[in-house]
């Protein structure tokens, strides 16, 4: 058949995964089409109006360092930004922004419109065209066929979405949009393992109806902040959030109406995330807790809608009203949207390669909630990688696979494809074994090089990065070679910082390691002007202060790298591997790990199986050399 | 290819007079050198030489064992890596100590079949043997896990589990502060809080490690020597232990009815009766004590049963020997109570106030129950159940506990230097994971499970 429009890459969906996938593919020079059910809902935030937070905020910076878009858009459109965990170590600090939802969407849509190789088109995909286990294109609900070399599915919660509210349950995408049902049917027909997940959102109220005097103000930081390493213009004018609590009355209303809740009436079959429970869940599971926090978060500058964080619920609408009225400050609150729970189909992610290509269908990629995750940031990270790798596949390049020591995105994808997940997956800092290396402050140092290699980081930015890197390294080197004598100046500065006086000379590097000392104080002792940027010397300071711990982490990474270097041949026949335990055999056949490190992370594959596998692979290598 | 250094006892436990601790890997010689004292360091000797010296605990300076250390440098070795083989002869107890010292100073306990695996991976074993290697790894692993499982029943497992749970609670508190900084229902985990909690954990691990020496006694037997002048009743005592249905069959093949060693069970404590000077062959023990070999055996004994004749008085020879062992665990048996008392027990008590004294007439089975009680008291402060396993007795477990202790000590040092909690957390997590390995638990999702069951989180 001729006459079809031809694209290299088609992206289904324009949420946080879809937009990054489409941009990455287009920026790698491939002709890309992005199809979305509703063009007005590009990069829509159906739940909380915020981006970032612990672990997630680091992902946003990683996306930026790899040439993605999320950081830049939120930097332009937030209403408030805060650095979290400032009282703790550098590894767990993280930025979080409150988004202006509408501006965020408009800004992202404009970026997509400006992208040369990208077409964005309103349309619902009903079918992925597959010939001989290879993707050939897509077909929309009105019958148009688009030929494609690769297809990326980023359907979020639209896939056989169903909204649940009390005893009501109806077919719907998020925020009462059209759900995607035929595509869900087809994915089943193609033989994919599908699970049913659930998530939910709280009601929104009109700001004018809130009595803020009964709440506590939660302002943004005074210092200007940004996610992107390239952002130079900062938003000064910020809007606060507000904190209030549920009351005993709220809990009584919930308990009295529990039988009406979708969660407890048996209406919901999907598995919900533990980290995002409904208020019903919280009240039932932690019934000794007298109150729960409620954050009131503005949804933007141009609207009076306020998101009631902490009150996620699937109670009937009238019960939600009663619940709201029982919260101090919300006694007279006028509800604008009710909360709801939503169920959707997602793929068992162990069906994916680490490149996010499906094992079953060649050139078919998936990213975001369809892979069992939740969260805008998790979606963006996957979308970026899926876009890069779909393009790489067509260009004959190696896929970009981030390791667990490279990035939180690496941890996320490895967890998904190696272990799978039995609830919507959220990134937590505790999921990363090398979190001291995966800091938000060094995301550019970790990933810009890779971003440049894959062609998403331009020369100007790359050159600037190299200068920064060089300055940081040179400064640390310099500190290692300067000896500070216990002279009057040094002792005075140390005393002023509350430190113990020097007995002997000490390397500037070692003095900086003391908890009370910082880079500025060292420069004061040396009576030098600071010649490098604040970012640079902060980086030098962190690397110096935590030098010993970083070295320890790096040693562990080195160990893991050795295992990563032992590749498992793609054509390995696990049944032929003598002596593997049955459970290990089943899991290995399913996950198809790329290397020994990944194999060793599969639950049920124990060290003896790994040893046996190594011997088997080595035997094959020897045979090949001899042949 | 040279990998990280592994270590294990490479001779069958209990068989033969010599046991070998084998190190293989990039730091094999260096690790051996931290323990070895000989004419010079092993790093300076020629490859494929055997060297006389001592293994000395670098922390205490105590000489643990007299050894012959064979140094074989890559590539002409079994694994094609640097290998050091430490030949010991002091029985399983000392061999274990030598192994533990290598683990404490940089080696990792070899996995089952790992030397063979390395030999294969480094091209030492040819292709046709690969399948055999895989079977070997599987069978060794099955065997090892069976043994470990047997040892991991009961109270020890419960104990480690509860220790892990308390660490988990600390971890969860730190993690919830990090991942949910605005969550107000939990106290901020401060450095001083961690310091205090880590200190408690350290003490518990130390307690476990201390119990490991008792565990060894249970597993390998308490090496016991019966000493005394001719005709005091040593043979009768030996025969009593053996004949009174007390001889036990150990689970280690080849150790039963060893001509040199008899295993007997006394109140749940296996005694390994070492026939140092051939009690059965000769009564001329006092003369033989002069022989260096016997003196060594006496010094290395964990329990000395010194038999005297109630019908005779204490001699200078008795005093000479008792003086030489007075800092060891000694029970004096005043035998032949059925004869006229000429022995001055009070005089003995004045000379050696710490030595328990038991009067017996072994021929009439008088006083033997008291003797058995005394033995038990000396080691476990009373009788213990032989099925009880609150004692860590497996080398792999001891190695893991040593690692866990090092990790918790690191955590404490960091806390003392006031580093941020999330960095102290790194070593706390490591401690918790290592303890998980001791009881063979899959650790991956536990912390996250704990987080969400302990705290009410979410938007």
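The values are calculated or read from the model by the stated rules, or taken from the named source; none is laboratory data. Fair warning: this is a prediction, and the values are worked out from it, not measured in the lab. Here the Cβ positions follow ideal geometry from the backbone for every residue, glycine too, while neighbour counts run over all protein chains shown.
Here are the numbers for the structure shown:
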read-out: Test: residue A:289 is at pLDDT 95 or above and either in contact with a helix residue (DSSP H, G or I) (Cβ under 7 Å, 6 or more places away or on another chain) or surrounded by fewer than 18 Cβ atoms within 10 Å (Cβ to Cβ) (or both); value: no
read-out: Residue check for residue A:150: in contact with a strand residue (DSSP E or B) (Cβ under 8 Å, 6 or more places away or on another chain), modelled with pLDDT of 95 or more, more than 14 Å from chain B (Cβ to nearest Cβ) and under 30 Å from residue B:175 (Cα atoms); value: no
read-out: Evaluation of residue A:115 against (1) touching a helix residue (DSSP H, G or I) at 6+ places or on another chain (Cβ under 7 Å); (2) within 16 Å of residue A:44 (Cβ to Cβ) (one fails), failing number; value: (2)
read-out: Conditions (1) touching a residue at least 24 places away in the same chain (Cβ under 8 Å); (2) assigned to a helix (DSSP H, G or I); number of the one not met by residue A:532; value: (2)
read-out: Every residue from the stretch A:264-306 that is under 19 Å from residue A:247 (Cα atoms), in contact with a strand residue (DSSP E or B) (Cβ under 8 Å, 6 or more places away or on another chain) and facing another protein chain (nearest Cβ under 9 Å); value: A:278, A:292, A:293, A:295
read-out: Qualifying residue in the stretch B:120-128 (condition: modelled with pLDDT of 70 or more, facing chain A (nearest Cβ under 10 Å), surrounded by 14 or more Cβ atoms within 10 Å (Cβ to Cβ) and part of a helix (DSSP H, G or I)); value: yes
read-out: Given (1) within 27 Å of the chain's Cα centre (by Cα); (2) buried (at least 20 other Cβ atoms within 10 Å of the Cβ), index of the condition residue A:353 fails; value: (2)
read-out: Filtered residues of the stretch A:172-203 (kept if closer than 27 Å to residue A:324 by Cα and over 22 Å from the mean Cα position of the chain (by Cα)); value: A:172, A:176, A:177, A:203
read-out: Among the candidates A:611, A:579, residue that is within 11 Å of chain B (Cβ to nearest Cβ), part of a loop (DSSP other than H, G, I, E, B), touching a helix residue (DSSP H, G or I) at 6+ places or on another chain (Cβ under 6 Å) and closer than 18 Å to residue B:118 by Cα; value: A:579
read-out: Residue in the stretch B:94-109 that is within 14 Å of chain A (Cβ to nearest Cβ) and free of Cβ contacts under 8 Å to residues at least 40 places away in the same chain present; value: no
read-out: Boolean, residue A:60 is in contact with a strand residue (DSSP E or B) (Cβ under 6 Å, 6 or more places away or on another chain) and away from every other protein chain (no Cβ under 14 Å); value: yes
read-out: Pairs where the first residue, in the stretch A:433-458, is over 22 Å from residue A:540 (Cβ atoms) and within 14 Å of another protein chain (Cβ to nearest Cβ) and the second is part of a loop (DSSP other than H, G, I, E, B) and modelled with pLDDT of 95 or more, C-beta under 8 Å, 6+ apart; value: A:433/A:404
read-out: Residues of the stretch B:162-187 that turn out to be surrounded by fewer than 16 Cβ atoms within 10 Å (Cβ to Cβ), at the interface with chain A (Cβ under 8 Å from one of its Cβ atoms) and without any contact (Cβ under 8 Å) to a residue 60 or more places away in the chain, as a count; value: 2
read-out: Given (1) modelled with pLDDT of 90 or more; (2) farther than 30 Å from residue A:443 by Cα; (3) in a helix (DSSP H, G or I), number of the condition residue A:569 does not satisfy; value: (3)
read-out: Residue A:587 vs. criteria in a helix (DSSP H, G or I), surrounded by 14 or more Cβ atoms within 10 Å (Cβ to Cβ) and at pLDDT below 90; value: no
read-out: Criterion violated by residue A:501 - all others in (1) in contact (Cβ under 8 Å) with a residue 12 or more places away in the chain; (2) under 28 Å from residue A:443 (Cβ atoms); (3) loosely packed, with under 15 Cβ neighbours inside 10 Å satisfied; value: (2)
read-out: Filter result for the condition that a residue is at pLDDT below 85, closer than 26 Å to residue A:433 by Cβ and within 12 Å of chain B (Cβ to nearest Cβ), over A:626, A:606, A:621; value: A:606
read-out: Count of the stretch A:84-111 residues which are over 21 Å from residue B:424 (Cα atoms) and either facing chain B (nearest Cβ under 10 Å) or in a helix (DSSP H, G or I) (or both); value: 12
read-out: Hey, residue A:346 part of a loop (DSSP other than H, G, I, E, B), in contact with a strand residue (DSSP E or B) (Cβ under 8 Å, 6 or more places away or on another chain) and crowded, with 19+ Cβ neighbours inside 10 Å or not; value: no
read-out: Within the stretch A:73-98, tally of residues that are in contact with a helix residue (DSSP H, G or I) (Cβ under 6 Å, 6 or more places away or on another chain) and within 23 Å of residue A:22 (Cα to Cα); value: 3
read-out: Hits in the stretch A:77-89 - residues which are in contact (Cβ under 8 Å) with a residue 60 or more places away in the chain and surrounded by fewer than 22 Cβ atoms within 10 Å (Cβ to Cβ); value: A:83
read-out: Qualifying positions in the stretch A:529-567 - more than 14 Å from every other protein chain (Cβ to nearest Cβ), surrounded by fewer than 20 Cβ atoms within 10 Å (Cβ to Cβ) and either over 15 Å from residue A:91 (Cβ atoms) or touching a strand residue (DSSP E or B) at 6+ places or on another chain (Cβ under 6 Å) (or both); value: A:529, A:530, A:531, A:532, A:533, A:534, A:535, A:564, A:567
read-out: Scope the stretch B:417-459; condition away from chain A (no Cβ under 11 Å) and modelled with pLDDT of 80 or more; matching residues; value: B:428, B:431, B:432, B:434, B:435, B:436
read-out: Among (1) at pLDDT 95 or above; (2) touching a strand residue (DSSP E or B) at 6+ places or on another chain (Cβ under 8 Å) - the single one residue A:354 does not satisfy; value: (2)
